[in-house]
Amino acid sequence: MPPVRNVLYIMCDQLRRDYLSCYGHAHLHTPNIDRLAAAGVRFSRAYTQGTICGPSRMSAYTGRYVSSHQVAWNAVPLPLEELTLGDYLRPHGIRTALVGKTHATPNLDALQRLEIDPDSAQAQPLNEVGFEAYVRHDGIFPDSPLFADKRESAPYTHYLREQGYAGTNPWHTWANAAAGQDGEILSGWHMRNAHLPARVAEAHSETAYTTDRAIDFIHEQGAQPWCLHLSYIKPHWPYIAPAPYHALYGADQVQAPIRAEPGQASDHPVYQAFRQHQESLNFSRDEVRLRVIPTYMGLIKQVDDQLGRLFDVLHNTGRWDDTLIVFTSDHGDFLGDHHLGEKEFLLEPAVGVPLIVRDPRAAADISRGTVDARLVETIDALPTFLEALGLPTAEHRLEGRSLIALLHGLETDWRRMTMVRSERWKYLAYDGFRAQLFDLENDPQELHDLGADPAYAPVREVHQGYLFEWLRGLKRRTTISHAEIDLRGQRFRYGEPEAEKVVQIGVW
């Protein structure tokens with residue numbers, strides 16, 4: 001099978017898979033994403049490796065679990081020894097570029113230790129986790145001195161000014177704000193003004209701008225093969241959309257929340273703590289859900305329309321026929337389900353993501369338009385790219401598994417084996433097979449397998465627990481301290497721009 005020439009890796013931010021018509025949404029029609037699903041395979045049980053932007057994306061870019069790459073929260077730098085998508089592709093002449101968001105944080109301590117100037121050309125691919133930052137923009141920054149440099153260095157900030165949108169932070173005051181009856185600026189933060197149109201024209205909005213830059217990139221390519229990571233920052237909050245997308249859907253088209261009957265919700269203390277977060281309290285109110293979710297739907301509809309433009313460009317340039325396309329999301333959004341907001345708790349609306357893969361080659365014709373219910377993960381994207389491009393698979397590092405065999409209708413044999421050794425027992429856990437158990441006190445040569453003996457079920461259960469505890473105890477972050485994590489989390493949480501926190505927190 002000849003390799004594909006290019007890869008288009010599309011990722012939305014905070015997009016739930018059940019908010020696409022090909023995944024069953026009754027009112028939100030996404031014909032262009034559906035068109036991609038009809039030309040490829042839609043995976044109905046795909047999962048992210050983290051429900052926070054940074055950890056999820058670093059897993060996608062490294063093909064490794066959060067426990068391996070160590071980026072366990074936003075603003076945590078990736079260890080420099082981790083290899084990412086660009087590290088695997090660039091040595092083979094494949095231009096690996098980014099348009100949009102990555103949430104990458106430079107590992108300044110490691111660069112200093114290696115005496116690498118963080119502003120040097122040598123440091124740039126490390127700072128951008130392996131991507132050529134064709135156009136990077138990670139989303140709006142609030143009006144706080146803490147973010148002044150980031151706001152001013154963002155290409156979208158300068159683009160807005162070039163289009164006539166004045167101000168020190170036009171991203172905030174135009175793209176993510178509405179206008180009041182007397183012309184006052186109404187912030188899109190905190191969900192209060194989600195029903196109003198953003199002040200920016202749709203053609204200059206974040207989603208349209210991102211698509212324009214992706215089209216520019218494709219038109220620029222000559223003979224060199226490429227991998228483009230097109231990473232939309234929507235439908236992530238602030239929940240505010242440009243006209244006409246702010247008004248396409250109404251409260252009667254909002255799906256009923258997924259909630260336990262009164263008195264039957266879990267009383268687990270962690271679950272209850274998440275339900276007390278400000279975003280959860282807001283989304284637990286019907287008047288908030290019914291005003292905000294139609295805007296969330298409008299933001300998704302805009303992404304779909306813009307993807308229609310992009311897919312037409314691929315067809316017109318011949319790239320549809322030689323480009324592997326993957327569409328996914330970094331995580332979901334509770335939107336009031338389970339009385340929760342945001343995405344940090346590990347229930348299905350947050351961890352379940354859309355995943356559509358379209359291989360242009362004839363071998364994939366057998367699976368076009370099908371739905372695959374096998375369990376897959378976003379870390380499977382990178383090994384899929386390598387196999388599709390005909391590159392070495394790097395199985396010694398990658399923890400994801402290529403999906404090409406599934407696309408081509410072939411059987412797969414994905415197996416892992418893990419050992420737990422205690423004072424007396426050895427327990428071997430397998431993917432797809434029953435466990436084995438050996439009594440090393442009475443059977444030191446491991447000749448008698450007790451893995452199927454009902455009498456030893458309690459021993460197997462205990463050792464399965466040991467395995468789980470070991471996995472949970474792995475150090476998931478070594479590049480930044482707990483104290484620094486707490487400090488960064490306080491600076492910029494959901495809907496709490498620093499300058500507005502005092503007067504607006506808790507108000508809708």
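Given the criteria in the same structural domain as GLU399 (by TED's automatic domain parsing), closer than 20 Å to ILE300 by Cβ and within 17 Å of the chain's Cα centre (by Cα), does ALA46 qualify? Steps first, answer last, please.
Values: in the same structural domain as GLU399 (by TED's automatic domain parsing): yes; closer than 20 Å to ILE300 by Cβ: yes; within 17 Å of the chain's Cα centre (by Cα): yes.
Considered against the rule, which asks whether it is in the same structural domain as GLU399 (by TED's automatic domain parsing), closer than 20 Å to ILE300 by Cβ and within 17 Å of the chain's Cα centre (by Cα), ALA46 comes out as yes.
For region 380-404, give me each residue that is of a type in the set (A, V, I, L, M) and at pLDDT 95 or above.
ALA381, LEU382, LEU386, ALA388, LEU389, LEU391, LEU403, ILE404
Specify the residue that is farthest from CYS227 (Cα to Cα); the eligible residues are those in region 76-122 that are assigned to a loop (DSSP other than H, G, I, E, B) and free of Cβ contacts under 8 Å to residues at least 12 places away in the same chain.
Of the residues in region 76-122, the ones assigned to a loop (DSSP other than H, G, I, E, B) are 76-84, 93-94, 101-107, 114-122.
With the extra rule that they be free of Cβ contacts under 8 Å to residues at least 12 places away in the same chain, the set shrinks to 81, 115-117, 119-122.
Working: GLU81: 22, GLU115: 30, ILE116: 27, ASP117: 27, ASP119: 24, SER120: 24, ALA121: 21, GLN122: 21 Å.
Here the residue is GLU115.
Residues in region 65-75: is at least one in contact (Cβ under 8 Å) with a residue 40 or more places away in the chain and more than 21 Å from the chain's Cα centre (by Cα)?
Scanning region 65-75 turns up no residue that is in contact (Cβ under 8 Å) with a residue 40 or more places away in the chain and more than 21 Å from the chain's Cα centre (by Cα).
Please go through region 342-390 and pick out each residue that is in contact (Cβ under 8 Å) with a residue 40 or more places away in the chain, of a type in the set (A, V, I, L, M, F, W, C) and over 23 Å from TRP226 (Cα atoms).
Hits for region 342-390 are PHE345, LEU346, ALA350, VAL351, VAL353, ILE366, VAL371, ALA373, LEU375, VAL376.
Would you tally the residues in region 334-391 being part of a loop (DSSP other than H, G, I, E, B), among the charged types (D, E, K, R) and buried (at least 21 other Cβ atoms within 10 Å of the Cβ)? Don't jump to the end; show me each part of the working.
Restricting attention to region 334-391, the residues satisfying the condition of being part of a loop (DSSP other than H, G, I, E, B) are 334-336, 340-347, 359-361, 368-369, 373-375, 389-391.
Now restrict to residues that are among the charged types (D, E, K, R): 342-344, 359, 361, 368, 374.
Subsequent filtering for residues that are buried (at least 21 other Cβ atoms within 10 Å of the Cβ) retains 342-343, 359.
Here the count works out to 3.
Taking region 341-361 as the region of interest, how many residues are small (Gly, Ala, Ser) and under 21 Å from SER21 (Cα atoms)?
2
I need every pair where a residue in region 238-263 that is more than 21 Å from HIS339 (Cβ to Cβ) has its Cβ under 9 Å from the Cβ of a residue that is exposed (fewer than 14 other Cβ atoms within 10 Å of the Cβ) and of a type in the set (D, E, K, R), sequence separation at least 6 or different chains.
Short answer, once both residue conditions are applied: none.
Within region 207-247, track down each residue that is among the aliphatic types (A, V, I, L, M) and either assigned to a helix (DSSP H, G or I) or surrounded by 19 or more Cβ atoms within 10 Å (Cβ to Cβ) (or both).
ALA208, ALA214, ILE215, ILE218, LEU228, LEU230, ILE233, ILE240, ALA241, ALA247
Looking at (1) in a loop (DSSP other than H, G, I, E, B); (2) at pLDDT below 95; (3) over 21 Å from SER59 (Cα atoms); (4) in contact with a strand residue (DSSP E or B) (Cβ under 8 Å, 6 or more places away or on another chain), find the lone condition where GLU411 falls short.
Here GLU411 clears every test but (4).
Pick from region 1-54 the residues that are in a helix (DSSP H, G or I) and of a type in the set (D, E, K, R): which of them is nearest to PHE131 (Cα to Cα)?
ARG17
So ARG151 fits all but one of (1) touching a residue at least 60 places away in the same chain (Cβ under 8 Å); (2) touching a His at 6+ places or on another chain (Cβ under 9 Å); (3) outside the structural domain of ASP212 (by TED's automatic domain parsing); what number is the exception?
(1)
Go through region 183-219 and count every residue that is within 22 Å of GLU342 (Cα to Cα) and within 25 Å of the chain's Cα centre (by Cα).
8
Within the group GLN272, GLN255, which residue is of a type outside the set (Ser, Thr, Tyr), surrounded by 12 or more Cβ atoms within 10 Å (Cβ to Cβ) and within 15 Å of LEU20 (Cβ to Cβ)?
On inspection, the qualifying residue turns out to be GLN255.
Taking ASP138 as the residue in question, decide whether it is part of a loop (DSSP other than H, G, I, E, B) and under 28 Å from ILE185 (Cα atoms).
It is true that ASP138 is part of a loop (DSSP other than H, G, I, E, B) and under 28 Å from ILE185 (Cα atoms).
When region 47-72 is examined, which residues are found to be crowded, with 23+ Cβ neighbours inside 10 Å, in contact with a Gly (Cβ under 7 Å, 6 or more places away or on another chain) and under 19 Å from ASP333 (Cβ atoms)?
Selection gives SER56, SER59.
Between LEU437, LEU403, LEU428, which is closer than 30 Å to VAL326 by Cα and hydrophobic (A, V, I, L, M, F, W, C)? Break it down stepwise before answering.
Numbers: LEU437 fails: closer than 30 Å to VAL326 by Cα; LEU428 fails: closer than 30 Å to VAL326 by Cα.
So the residue among LEU437, LEU403, LEU428 that is closer than 30 Å to VAL326 by Cα and hydrophobic (A, V, I, L, M, F, W, C) is LEU403.
What are the residues in region 219-267 that are touching a Gly at 6+ places or on another chain (Cβ under 9 Å) and among the hydroxyl-bearing types (Ser, Thr, Tyr), if any?
Matches in region 219-267: SER231, TYR232, TYR239, TYR245, TYR249.
The values are calculated or read from the model by the stated rules, or taken from the named source; none is laboratory data. Because the structure is predicted, anything quoted here is derived from the model rather than measured. Note that each Cβ is placed from the backbone with ideal geometry, even for glycine, and that neighbours are counted across all protein chains shown.
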